[in-house]
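Let me begin by presenting the structure, written as structure tokens, before commenting on it.
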Amino acid sequence: MDSGQKMLYGFLLGVLLVSGGVLVAISILQDLQVDPPDPPAVMLVGESEVNVTLQEMLQGDVITRLGAYQNRLGNIGGNGTYQGVRVSDLVDLVGGMAESDNVTVIALDGYNQTFPYSKVYPNQSYYDLQGDMVIAFGFEGDLVPSYSEGFRLMFLPEDGLYSNADANATTDPDPPGAGPQCVTNVIRVEVGRAISSMQSHERDNSQSMLSEQAFSWFACRTAPYENHMSIRSRIE
């Protein structure tokens with residue numbers, strides 16, 4: 001066999017090896033394909049646990065209203081029309097709240113905000129300032145997951161602006177701003193029952209473990225949506 005034939009055979013062998021590698025890669029990619037993600041939903045935790053989907057929220061008492069918030073620097077953001085359901089309506093699905101209870105709203109990335117009964121079920125004076133406390137699933141006509149903020153906690157007063165002054169007047173202690181309370185990419189709303197001080201340390205440890213497990217579970221479930229959900233700056 002002369003050198004020219006050897007070079008030809010070597011070239012053909014290389015082509016076969018590359019082609020085989022491509023076929024193997026295609027086979028592996030096909031094996032890695034996953035089923036479409038579950039519908040967007042928020043887990044509610046109280047006396048019971050309920051997973052509420054977007055479609056179920058759309059069948060409830062939907063609030064549609066202009067809204068915006070003021071960040072800690074005093075700037076206005078989030079201007080537009082929101083669609084959502086009241087947090088109180090969602091909490092009622094898992095047993096409601098006592099006046100001594102809190103509710104914690106938890107985001108996909110672990111960011112969370114905790115609110116007292118008076119924010120979830122505001123009296124008239126609070127309502128005049130903060131409006132409805134809602135989990136918004138739509139903004140300017142886009143619904144999750146197309147709405148890039150995901151399920152978003154919003155306060156929607158009639159004047160269309162949840163200001164820092166509004167947040168301070170209805171929250172104790174004063175928050176750094178209205179914007180940081182407006183949690184985006186919400187995956188969980190959890191009612192915290194009032195307990196005695198002797199139980200608090202044990203409760204904190206067990207809830208920390210539960211939150212970590214819940215976060216891991218939701219992160220796995222919602223991984224296909226990560227292109228819509230990025231960890232956001234906390235200057236809101």
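The values are calculated or read from the model by the stated rules, or taken from the named source; none is laboratory data. Computed from a prediction, not measured in an experiment: that's the story for all the values here. Methodologically, a virtual Cβ is constructed for each residue, glycine included, from the backbone with ideal geometry; neighbour enumeration extends over all protein chains shown.
Data for the structure
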quantity: Of all residues making up the range 76-106, the number that are touching a Ser or Thr at 6+ places or on another chain (Cβ under 6 Å) and within 15 Å of F137 (Cβ to Cβ); calculated: 1
quantity: Sole residue being modelled with pLDDT of 95 or more and under 19 Å from N71 (Cα atoms), chosen from L129, L90; calculated: L129
quantity: Subset of the range 64-120 [free of Cβ contacts under 8 Å to residues at least 40 places away in the same chain, within 14 Å of I135 (Cα to Cα) and either aliphatic (A, V, I, L, M) or assigned to a loop (DSSP other than H, G, I, E, B) (or both)]; calculated: V120
quantity: Residue in the range 48-61 that is within 21 Å of A136 (Cα to Cα), part of a loop (DSSP other than H, G, I, E, B), at pLDDT 95 or above and of a type in the set (D, E) present; calculated: yes
quantity: Within the range 102-125, considering residues that are surrounded by 18 or more Cβ atoms within 10 Å (Cβ to Cβ) and not hydrophobic (A, V, I, L, M, F, W, C), the one nearest to the chain's Cα centre (by Cα); calculated: Q113
